[in-house]
Structures are given as C-alpha cells and as structure tokens.
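Reading through the structure tokens given below for one structure.
The values are calculated or read from the model by the stated rules, or taken from the named source; none is laboratory data. A quick note: this is a predicted structure, and the numbers were derived from the prediction, not measured. Using ideal geometry, Cβ is built from the backbone for each residue, glycine included, and neighbour counts are taken over all protein chains shown. Just so you know, the surface numbers come from the protein's heavy atoms only, side chains and all, with ligands and any DNA or RNA stripped out. Shrake-Rupley method; radii C 1.70, N 1.55, O 1.52, S 1.80 Å.
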Amino acid sequence: DGVKRSPYVESDLPNPLNVYGQSKLASELSVLAACPEALLVRTSAFFGPWDDFNFLTVALRELEAGRTFRAAADSFVSPTYVPDLVAHTLDLLIDGESGIWHLANEGAVSWYDFAKLGAEMAGVDTEFLVASRASEMALAASRPLYSVLSSEKAWVMPTLLNALERYA
C-alpha cells in the first residue's frame, strides 16, 4: 500500500490499493495453496529493450521527439531490467529455491529520476522532462507512493545503474 517508508521485503504483509494489486495477491495465494514449493517472484517497474511500451522506453521516445514527458517525483519504485529478472529467476529455479522472492535491480528511485537517469545514460536531452506529483498524473487507479523492494533472503540482482548502462 506504500505506507511503509523502507523497502518492502518478502515477509511484509501485502495490502493492495487497487484491483490490479488485489488480483496479483489472490494469484499468489492460489499458487502457493496449490503448490507450496512453488517459486513466486515479485518484481517492480520492469523495463527492457524489446518492450516498446514500458515506462522508460516511452519516456525516451517522447523526449527524443521533443515532446513533454511528465513523471511522478513523489512516487518511488525499484526498477527491474528484464534480462536480469529472467537470468536470476532461472538461477533460483536451477538452485531449487521456492517461496516468495523479491527480484529488482538494487536501487530506489522516483519515476521522475528513473526517466532522468535513463535519458542521461542514453544521451537523450531531458529538457522536456517534467517532475509532477503522482496526484497530478490522472492515473486510472490508486497507486502506492512507495513500492520499493528489497530482499531478506539474498540480494542477487545487479545495481540499477549497471542495468541502465546495459539498457542504454
């Protein structure tokens, strides 16, 4: 729900704010009830070079075209680079891990700073990047202002800066 102001770990009790989050939690509970030894991965704000519609790719496309791009400066996430997510999920499967794992690249940023860092690393001008409040974004559903992930099991993912370098 974003109330906690330190990174969420696997043992924190979920309290989804919207139907999307509630459906994800219901899916988790169903999977674990049906298969207690399942590996269940939680991730956040994923981005990758093959997805034309993820936040970062859209931000860079808009900025490169000289169009204004607004991003919430008061909403914080742990972005996840899809190639890292795939590689480390496979590693956990190969190692026979189970239960809930948080996989995100190490580092917490606002959506605004995520766009700014990504643009800077890709050599894209940030002149048209505008910091906004989440409440001004006219999103269809309530979203947590703080959904940063960490892990109490192990931190297996590279840093966000490393992931952004490879993405750029």
Failed condition for L40, given (1) touching a Phe, Trp or Tyr at 6+ places or on another chain (Cβ under 8 Å); (2) at pLDDT below 95: (2)
Of everything in the range 108-148 that's more than 19 Å from the chain's Cα centre (by Cα) and part of a strand (DSSP E or B), which residue is surrounded by the fewest Cβ atoms within 10 Å (Cβ to Cβ)? V130
Qualifying position, being over 19 Å from V3 (Cα atoms) and hydrophobic (A, V, I, L, M, F, W, C), among A154, A141: A154
Of the residues in the range 62-84, how many are farther than 23 Å from D1 by Cα and of a type in the set (A, V, I, L, M)? 3
Please verify whether R61 is among the charged types (D, E, K, R) and free of Cβ contacts under 8 Å to residues at least 60 places away in the same chain, treating the condition exactly as stated. yes
For the range 151-165, give me the residue count where each residue is farther than 13 Å from L92 by Cβ, open to solvent by 40 Å² or more (accessible area, probe 1.4 Å) and in contact with a strand residue (DSSP E or B) (Cβ under 7 Å, 6 or more places away or on another chain). 1
Just one of V86, V77, V58 is under 22 Å from A131 (Cβ atoms), within 18 Å of the chain's Cα centre (by Cα) and surrounded by fewer than 16 Cβ atoms within 10 Å (Cβ to Cβ); which is it? V58
So which residues in the range 97-107 are touching a residue at least 60 places away in the same chain (Cβ under 8 Å) and either more than 13 Å from F76 (Cβ to Cβ) or surrounded by fewer than 20 Cβ atoms within 10 Å (Cβ to Cβ) (or both)? S98, G99, I100, W101, H102, L103
Residue match in the range 19-30 (condition: among the small types (G, A, S), open to solvent by 80 Å² or more (accessible area, probe 1.4 Å) and either out of contact with any strand residue (DSSP E or B) (no Cβ under 9 Å at 6 or more places or on another chain) or free of Cβ contacts under 8 Å to residues at least 40 places away in the same chain (or both)): no
Scan the strands (runs of 3 or more DSSP E) fully inside the range 1-107 and keep the ones with 1 or more residues being farther than 26 Å from A140 by Cα and small (G, A, S). 99-102
